[in-house]
1. What residue, among those in segment 464-507 that are open to solvent by less than 20 Å² (accessible area, probe 1.4 Å) and free of Cβ contacts under 8 Å to residues at least 40 places away in the same chain, is farthest from the chain's Cα centre (by Cα)?
2. For segment 289-307: of the residues being of a type in the set (Lys, Arg) and closer than 14 Å to PHE343 by Cβ, which is least open to solvent (accessible area, probe 1.4 Å)?
3. Enumerate the pairs (first residue in segment 114-130 and closer than 19 Å to GLU50 by Cβ; second residue anywhere and surrounded by fewer than 17 Cβ atoms within 10 Å (Cβ to Cβ) and among the charged types (D, E, K, R)) with beta-carbon separation below 6 Å, excluding pairs fewer than 6 apart on the same chain, so at least 6 apart or on different chains.
4. May I ask you to list pairs of residues, at least six apart or on different chains, whose Cβ atoms are under 6 Å apart, with the first in segment 235-262 being within 23 Å of ILE184 (Cβ to Cβ) and among the polar types (S, T, N, Q) and the second being surrounded by fewer than 20 Cβ atoms within 10 Å (Cβ to Cβ) and at pLDDT below 95?
5. Quick one: HIS338 ticks every box in (1) over 28 Å from VAL306 (Cβ atoms); (2) surrounded by fewer than 21 Cβ atoms within 10 Å (Cβ to Cβ) bar one, so which box is it?
6. Is it fair to say VAL105 is under 18 Å from the mean Cα position of the chain (by Cα) and not small (Gly, Ala, Ser)?
7. Which ones in segment 88-109 are hydrophobic (A, V, I, L, M, F, W, C) and modelled with pLDDT of 90 or more?
Amino acid sequence: MNKENLLQIYASSFRQNWDMKALSEFGSGPTMTYADLARRIAATHLVFKECGVKPGDKIALLGKNSIPWVVVYMAAITYGAVVVPVLHDFNVQDAMHIINHSESVILFVSESIFENIEFDKLPRVRAAVSLDRRAVLAEHSSSGRSLEKFLSRLSEKMRRRYPHGFTASDVDYPEIDESALAEINYTSGTTGFSKGVMLTLRNLGGNVRFGIKSRLHYRGSRNVAFLPLAHAYGCAFDMLVPLAVGTHITLLGKLPTPKLLLKAFAEVKPNLIICVPLILEKIYRNKLRPVIEKPSVRRLLKVPGVNKLIYRKIRTQLVEALGGEFEEVIVGGAPLNHEVEEFLHRIGFPFTVGYGMTECGPLISYTPWRKFLTGSSGRTLPTMQTRIADSPDPSRVQGEICVKGENVMLGYYKNPEATEAAIDADGWLHTGDMGTCSEDGTIFIRGRYKTMILSANGQNIYPEEIEAKLNNMPYVAESLVVERGKHLVALVYPDYEAMDRDKVSTGSLEAHMENVRKNLNRLVAPYEQVDRIQLIANEFEKTPKRSIKRYLYNA
């Protein structure tokens, strides 16, 4: 594999794809070419220099997916600074803590978010710069006032710096060793403790080079970026890889509702779709399952030959609904529901499930859909190694999944204790996920080590496995299995849309849930029996990755 330095990959891509489309925002604004992007990056480098930013300084970035967000991120890493993307879903206090903890010296922020930030409590930040327009929102020193004046004359400064115009030959990024820190990405996990993951140019480069070699994106391909770019998954495969090869990225800055997503897919017709399980699970539950559960359809599905025709029609309709021109859908960020996975496989839908974590920037394993084994999380990358800790037979006996290789983080920022707990003396990153691994490196995940419940007779219970079955039951939108005393209790948020469709009253819901509990207990092991279903009034609180924040419900 070509080990070209990450920054040189971008320099080459911008030069080679100069007149091609690079970035658009869905539903509004002009399209930016790679030439435009390179010029904006160069102008942002002048802003950094005016602010006194030195290589290695931290630059915080807080806002939704947008062209300015991409410009600042790419400008930071190509300058030699360290970008600190902050998820816009974080509450203001958490965001301010991250900005201070990371020691960021400049903040690029959406104005709607900045309205709630107490700038006086960000003492290290020299200036807060708007992502919405060319303006300084606040400053802590005279440099902030000079920056405002500088921004008003930025076009003039660019003409003076590049008197013959900014051309492809002017794209020149520094030769920085790939061991250098490039990004601090603060996790938004389900345990409630956010840590700053230190990712180097090598970590980011490992993901990008794999994406290039695998042709996940390619020159002239189209992509809809709807996952938050501040998260490692969306950042790597909706931005970093596409920009390295000449893909046209359409950014979705609004909440990706199913209706909006389907509209974007229909208009853009992406060549690859990167998504979290929730997207496919909602389509299955709301669109596909009501069709296949009709008595007439169920009868036809039992007829050999006819069932294949029905599955083919469903597959065609689903592919067309998602734009019709994609090679595959890559699912990551959380486990895909088993029933949904089996159905998609049955109809021949082109999907695959990958595995990763922020600490690997994020990719650990992936297999193209034609070679994908259902129930797995793909094959370990060639540049990574996997071992199953404390397992006498890693392919059969589960243990903690540990990984090693060029994608593994440097550690947690200013947190040596957490780093030592995560990465052992031999360099193995302990993922906290339990599973097995076949001889060819294919990973099979059972559940999280931290969520595992030990039954009274010593059996390991993985709540995720029970929840996967429960979520397929009638009128269950989402669930969480927790331990209350010595009993298993399932917290359930009802599927009100399905109830309305079937004219089921809320008054009869508890009786329905008791039937659900009995049916569930027929499907699980004796030690996994659920003693009670407790209905909750609101959807579970989730991370930006749409995983339930378990720690809020374990008390």
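The values are calculated or read from the model by the stated rules, or taken from the named source; none is laboratory data. This is a predicted model, so every value here is computed, not measured. Here Cβ is always computed from backbone atoms with ideal geometry, including for glycine, and neighbour counts include all displayed protein chains. Surface accessibility is based on the protein's heavy atoms, side chains included, excluding ligands, DNA and RNA. Shrake-Rupley method; radii C 1.70, N 1.55, O 1.52, S 1.80 Å.
1. MET499
2. Residues of segment 289-307 that are of a type in the set (Lys, Arg), as a first pass: 289, 294, 298-299, 302.
Going one step further and asking which of them are closer than 14 Å to PHE343 by Cβ, we end up with 289, 298.
Details: ARG289: 26, ARG298: 138 Å².
Restricting to residues being of a type in the set (Lys, Arg) and closer than 14 Å to PHE343 by Cβ, the top hit is ARG289.
3. ARG124/GLU103; SER130/GLU111
4. Filtered contacts from segment 235-262: no entries.
5. The single condition HIS338 does not satisfy is (1).
6. Numbers: under 18 Å from the mean Cα position of the chain (by Cα): no; not small (Gly, Ala, Ser): yes.
Judged against the criteria, VAL105 is not a match.
7. Within segment 88-109, the first condition is being hydrophobic (A, V, I, L, M, F, W, C), and the residues that meet it are 90, 92, 95-96, 98-99, 105-109.
Once the filter is applied, which keeps residues that are hydrophobic (A, V, I, L, M, F, W, C) and modelled with pLDDT of 90 or more, segment 88-109 yields VAL92, ALA95, MET96, ILE98, ILE99, VAL105, ILE106, LEU107, PHE108, VAL109.
Okay, residues lined up against (1) open to solvent by 20 Å² or more (accessible area, probe 1.4 Å); (2) basic (Lys, Arg); (3) within 23 Å of the chain's Cα centre (by Cα):
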site	(1), (2), (3)
PHE226	no, no, yes
PRO242	no, no, yes
LYS259	yes, yes, yes
ALA266	yes, no, yes
LEU272	no, no, yes
LEU278	yes, no, yes
LYS287	yes, yes, no
ILE314	no, no, no
ALA321	yes, no, yes
